[in-house]
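This report concerns only the one structure given below.
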Amino acid sequence: MNQQVMTRAPEQATVVGRYRWTICALLFFATTINYLDRQVLSLLAPVLTKEFGWSNTDYANITATFQFVYAISMLFAGRVIDRMGTKRAYVLAIIVWSLGAIAHAYAIAIGTAVNSVLTTVGLAAVPVSIAGFMVGRAVLALGEAGNFPAAIKATAEYFPKRERSFATGIFNSGANVGAVLAPLSVPLIAEYWGWQAAFIAVGAVGFIWMGLWIWLYDTPERQRRLGKGELAYINSDAPVVSAAAASAAAPKASWFKLLGYRQTWAFAFGKFMTDGVWWFFLFWLPKYMSAQYGLSGPDMVVPLAVLYSMTMIGSVGGGWLPTWFLDRGYNIYQGRMRAMLLIALFPLVVLAAQPLGYLGYWVPVILIGVGASAHQAWSANLFTTVSDMFPKHSVGSVVGIGGMAGGLGGVLLTKLGGALFDHYGALGQLQTGYMIMFSICALAYLVAWCVMKALVPAHREITNL
């Protein structure tokens, strides 16, 4: 096992291992796969819209199905993960979302079956393609809802508080890598083998990761590859207790009790205001570039790859930023909130994306890339506020509550976008619809930060759960 020397206190140096970073790498690749599966539809949206005759509202309804099911599932996913344990819950999640991703390839057959059931019970049928893709998105969302609660819980298990935002930033950058790999692979697969093959090929990757997770992951106390020095370092900022004692001393807090804390509401509001921004960029950018600049699937590969490559800088850099403040004497919450305020200023550049869009598509690509990069930096810190303030046994549940809030915010933003684009598109003023949406995306982070700071002005760790 590789060794490193890390300083736990100025007067004491302890040699610890690096196995926790192997776990971080697994979380990184899981998040990469998560976003690969999630983005296939948006990249194929121009082709599918043309083939099936979807309106912007139809597309919004399909994507909103994902977000709505994701939101509801997030609430229960955190609970399931806290009760099942990280290892088993992650396996279940990736099986479900991989099957959901593959199901998109059979959307027409699924839609036909759904409509048969609907007409049998006397309900109005919806177009076959829309019904089929809604089912695929729903199953995908059900499984993908487990990724972030499980990853945040694993991070809380394997990292001391000082390293958590950095580790979160690293695994969260898997979302950016997935967003980069998707435009590099999906359009090419679809062009040569058809859009169905793209869903099947990308969906199957999850089963490879599952085998590695089963082989390499266990709780720190049971992990044979983890040395005593590293285990002590992981628990250096918390009382070291046996797994059995921790389980006995950690009753599962009810949702009602968790909602009694301002910390829960602060996290949930931060997610509600900002998750939809990332999903808007993820789901609508290909349609924006197609509608505004006439770009086809292969034409989008380079600009989208550049845009999402930028977001990797934000994810890792944003995860590191609080340590800059910590090294200068701020406590964990002060450092985190100061970093998040600085990060919240960067999305304001998105306000210029539409006014300057006449200069060419690279201008909005770069400006939106800055905003999307800031989102990933924000997200790395927002997730970590939960493990900063809540005990490990309740982290999954709180992340689930916040994830539900973020999903509902995403549904509202997606539905608003679809309605605005159809409305202004019919008037021949589609650019106005995008200007409104970009303005909302630009301002969301400052609003979120102000409300979060008002709810939790200073750090207060929850110790009575």
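Every read-out reported here was derived from the displayed coordinates using simple, explicitly stated rules and does not represent laboratory data. Owing to the predicted nature of the structure, the values given are computational and were not obtained by experimental measurement. Don't worry about glycine lacking a Cβ; one is built from the backbone with ideal geometry, like all the others, and counts go over all protein chains shown.
Quick notes on this one:
- Length-normalised contact order of the chain in % [C-alpha pairs under 8 Å, at least 6 apart]: 26 percent
- Per-residue Karplus couplings for the stretch 304-317, computed as 6.51 cos²θ - 1.76 cosθ + 1.60 with θ equal to phi - 60°, are listed in order as 5, 5, 5, 4, 6, 5, 4, 5, 5, 5, x, 5, 6, x Hz, Gly and Pro entered as x.
- Per-selection Kirkwood Rh - the stretch 136-190 (Cα, Å, 1 d.p.): 13.1 Å
- Compactness of the stretch 346-460, expressed as Rg and Dmax over alpha-carbon positions, Å: 17.1, 53
- Expressed in units of 2.2 N^0.38 Å, where N is the residue count, the Cα radius of gyration of the stretch 282-337 is 1.76.
- The eigenvalues of the Cα gyration tensor, multiplied by 5 and square-rooted, give the stretch 102-161 an equivalent ellipsoid with semi-axes of 37, 11, 7 Å from largest to smallest.
- Taking the C-alpha atoms of the stretch 312-355, convex hull volume expressed per residue in Å³: 62 Å³
- Calculated P(r) tail over 14 Å for the stretch 405-455, as whole % of Cα pairs: 61 percent
- Computed over the stretch 280-423, the convex hull of the alpha-carbon atoms projects to a mean area of 10.0 nm².
- Rounded to the nearest 10 degrees, the inclination of helix 430-455 to the longest alpha-carbon principal axis of the chain is 20 degrees.
- Per-selection Kirkwood Rh - the stretch 68-212 (Cα, Å, 1 d.p.): 16.8 Å
- The radius of gyration of the Cα set in the stretch 342-381, together with its Dmax, comes out at 10.6, 35 angstrom.
- 0 to 90° range, to nearest 10: angle between helix 147-158 axis and the chain longest Cα axis: 20 degrees
- For the listed residue pairs K153/K287; K153/K257; K50/K415; K153/K271; K87/K453, the alpha carbons are over 25 angstrom apart in K153/K287; K87/K453.
- By the compact-protein rule of thumb, 2.2 N^0.38 Å, the alpha-carbon radius of gyration of the stretch 26-102 corresponds to a ratio of 1.30.
- Charge context of A448, other residues only, Cβ under 11 angstrom, K/R +1, D/E -1: +1
- Long-range Cα-Cα pairs in the stretch 166-216 (distance over 12 Å), rounded percent: 71 percent
- Hydrodynamic radius (Kirkwood) for the chain, which is based on Cα pairs only, to one decimal in Å: 22.6 Å
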